[in-house]
Amino acid sequence: MQSDAVASERILVVDDSDTERAIVTSRLEQHGYAVSTADDGTEGLRKLYGLKPDLVLLDVVMPGLTGWQVLERIREVSDVPVIMLTSRDSEVERVRGLRGGADDYVAKPFSSAELLARVEAVLRRTSAAPAVRDVYEDAEVSIDFGASEVRVRGELVPLTPLEFRLLGTLTAHPGQVLSREQLLEHVWGDAYARGGDEVKLYVRYLRLKVERDPQNPTLIETVRGFGYRYRPPR
């Protein structure tokens with residue numbers, strides 16, 4: 001059934017499988033998205049530079065440049081949201097993709113409903129109006145939202161896009177306990193797209209970068225049974 005959605009968002013699908021590209025393209029176009037395709041990483045990068053899509057769906061296993069290599073090159077030049085597509089559904093693979101700067105990860109085979117839900121969640125999050133805040137600063141952490149830069153005790157600390165959004169969300173509510181569902185909604189764009197383990201994983205990554213002692217955190221506290229809280233240093 002044809003969707004009433006307006007084809008305002010451009011999606012680039014990079015996958016070496018003719019069948020996969022055709023299926024994904026058909027489903028996305030039915031829901032109003034403007035879709036371009038590439039059958040390998042090199043072509044995908046060339047189209048990325050020319051089309052400037054709103055979202056990239058990127059297959060992991062491809063001849064020539066792998067999805068990981070393409071993702072690395074994308075992140076050198078663009079913060080376009082990327083959803084990785086792969087048949088290797090393991091925690092190691094998910095972590096590798098998300099740590100590499102991917103915004104989400106979908107394991108094959110996936111249903112049309114799941115893919116569309118992930119696409120909508122990522123686009124909704126990345127197209128949302130930017131926060132009013134220009135900067136955040138306390139005695140330990142400073143965030144320049146315009147430049148997407150974080151300094152911890154004066155030192156520039158590189159964060160992935162997800163880590164940056166997570167820290168920004170926590171510091172926007174200092175002293176307030178945020179549930180896993182609230183963090184999933186604000187950071188991932190959908191409270192039901194991922195489980196609480198994803199939040200726990202990224203809180204751990206963030207602590208490694210901002211805490212003096214990640215094993216005994218003082219900035220990002222775990223409130224057992226409820227969620228997490230950012231406590232600015234006094």
Checklist entry - Restricting attention to the stretch 206-232, which residues are exposed (fewer than 12 other Cβ atoms within 10 Å of the Cβ) and either in a strand (DSSP E or B) or outside the structural domain of Ala139 (by TED's automatic domain parsing) (or both)? => result Val223
Next on the checklist: Could you list, ordered by first residue, the pairs with Cβ atoms under 9 Å in which the first is in the stretch 164-180 and among the β-branched types (Val, Ile, Thr) and the second is assigned to a helix (DSSP H, G or I), at least 6 apart or interchain?
Outcome noted: Thr169/Gln182; Thr169/Leu183; Thr169/His186; Thr169/Val187
Item to check | Residue among Asp138, Asp134 that alone is modelled with pLDDT of 90 or more, among the charged types (D, E, K, R) and over 22 Å from Gly100 (Cβ atoms) | outcome: Asp138
Next on the checklist: Regarding the stretch 161-171, can at least one residue be identified that is surrounded by fewer than 15 Cβ atoms within 10 Å (Cβ to Cβ) and closer than 14 Å to Leu219 by Cβ?
Outcome noted: no
Next on the checklist: Can you report the number of residues in the stretch 79-103 which are modelled with pLDDT under 70 and of a type in the set (S, T, N, Q)?
Outcome noted: 1
Item to check | Unique residue being of a type outside the set (Phe, Trp, Tyr) and assigned to a loop (DSSP other than H, G, I, E, B) when the list is Gly168, Gly175 | outcome: Gly175
Item to check | The listed residue being under 16 Å from the mean Cα position of the chain (by Cα), under 15 Å from Arg118 (Cα atoms) and either buried (at least 18 other Cβ atoms within 10 Å of the Cβ) or not assigned by TED's automatic domain parsing to the domain that holds Ala107 (or both), out of Val24, Val56 | outcome: Val56
Checklist entry - Residues in the stretch 55-85 that are part of a helix (DSSP H, G or I), more than 10 Å from Asp15 (Cα to Cα) and not aromatic (Phe, Trp, Tyr): how many? => result 9
Checklist entry - So which residues in the stretch 29-38 are closer than 11 Å to Leu12 by Cα and not in a strand (DSSP E or B), if there are any at all? => result Tyr33
Item to check | From the options Val119, Val187, residue that is under 12 Å from the mean Cα position of the chain (by Cα) and at pLDDT 90 or above | outcome: Val119
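The values are calculated or read from the model by the stated rules, or taken from the named source; none is laboratory data. No experiment lies behind these values; they were computed from the predicted model shown. All Cβ positions, even for glycine, are placed from backbone atoms using ideal geometry, and neighbour counts span all protein chains on display.
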